[in-house]
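The values are calculated or read from the model by the stated rules, or taken from the named source; none is laboratory data. The structure displayed is predicted, hence computed values, not measured ones. Note that we place each Cβ from the backbone using ideal geometry, even for glycine, and neighbour counts take in every protein chain shown.
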């Protein structure tokens, strides 16, 4: 059904306004772990309203393929939601960003195909948004695939820079803009349009390859923003207000999140994208060799003694927690300590893990009480009054070098002040460095005890000792 007078158009506009309001409310509630699940439901409801409105507002030749797409897409989404492990969630988010950008580029390409076939009249502003949607969408698609490859370790997570890459990337980008402008003002040329699309795909690869694994949280949030911008541009191509609004909201939210991630590392976005983080890490002094500095290890029984007789304990989760899937054991250990009247809290660094909010999601999965999740600014003053801080797989975000070593690649990055606790227990598989590629000074402090091994197995051993009456 298409068109139908002023009343019909008003109802459609109000429906899109309702969907946009639900999106905004959903985003607002996503800002807190306590309300995130409700915010997700509000966002999903808003998208349902927008989809139904779009289907009723456009002339649909046949619903057959639409139904097939819904069934197939919904089925795949359901299976992935049930089977993808939390350790692979960053990769999943990267793929979803890529699919969103690719879909937007595909729809915009269909718009140009209609123009080339003569079924639609060329309109400069629509042609411009087609080019923007294709460029941003294609960059998002290929860039997200590279981000997925780095996270999945299919592609090297290190900085990969080709000879004179900045110059080639600059020339390619300038050529893309010139070609896009030509396609807007000239007659339809599918060959040149395909060249533009291919160039954008190459640009996405060149955009992400030089970025190291340590910066993947920023890259994921930025690509999420790109996918929203591509969708918004496609909304202009289709004349769909719902897509314009939802895409703009995703784009804005992604940019805000990117800014938060950059602030958490005390770095600018340009430094993340062009600073070659890992290469600088290798160039600076890596510290004294491990064998020249004493490391104090601890057995599970001794760790249980330290925790059992503490008055306050702060757990500091990192990517190692996700790798070992130890969140449920952390929660069980916390309950045992609370039964002994130990005050338990969790310190969450904004860039701990491989995607924004990674640790919050893991801890929420284990039903950790939301009030115990404390952000960095609020928890840091409490470390010096804490008996035991338990670091589970975190590395760079607890490295004291960030405060004083000007030669360190993480200098100036806000960190969790774990080293100020009376005793620190670090659960780690080995002394291997984190994403930044440097040794962690915390591991050599006199107050630090290293509990080597898989975090899940180590925690189970500590839990068993506590249950046995330690």
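Out of 463, 392, 415, I need the residue that is within 15 Å of residue 345 (Cα to Cα) and either crowded, with 19+ Cβ neighbours inside 10 Å or in contact (Cβ under 8 Å) with a residue 12 or more places away in the chain (or both). Which one?
392
Within the group 94, 44, which residue is surrounded by fewer than 16 Cβ atoms within 10 Å (Cβ to Cβ) and under 18 Å from residue 227 (Cβ atoms)?
Working: 94 fails: surrounded by fewer than 16 Cβ atoms within 10 Å (Cβ to Cβ).
Answer to the check: 44.
Quick one: count up the residues across region 15-30 that are surrounded by 18 or more Cβ atoms within 10 Å (Cβ to Cβ), closer than 11 Å to residue 45 by Cα and without any contact (Cβ under 8 Å) to a residue 40 or more places away in the chain.
Total satisfying the criteria: 2.
Residues checked against (1) in contact with a helix residue (DSSP H, G or I) (Cβ under 8 Å, 6 or more places away or on another chain); (2) farther than 19 Å from residue 178 by Cα:
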| site | (1), (2) |
| --- | --- |
| 72 | no, yes |
| 80 | yes, yes |
| 89 | yes, yes |
| 105 | yes, no |
| 120 | yes, yes |
| 125 | yes, no |
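Table: residues versus (1) exposed (fewer than 15 other Cβ atoms within 10 Å of the Cβ); (2) at pLDDT 75 or above.
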{"position": "264", "(1), (2)": "no, yes"}
{"position": "280", "(1), (2)": "no, no"}
{"position": "284", "(1), (2)": "no, no"}
{"position": "313", "(1), (2)": "no, yes"}
{"position": "317", "(1), (2)": "no, yes"}
{"position": "339", "(1), (2)": "yes, yes"}
{"position": "344", "(1), (2)": "no, yes"}
{"position": "350", "(1), (2)": "no, yes"}
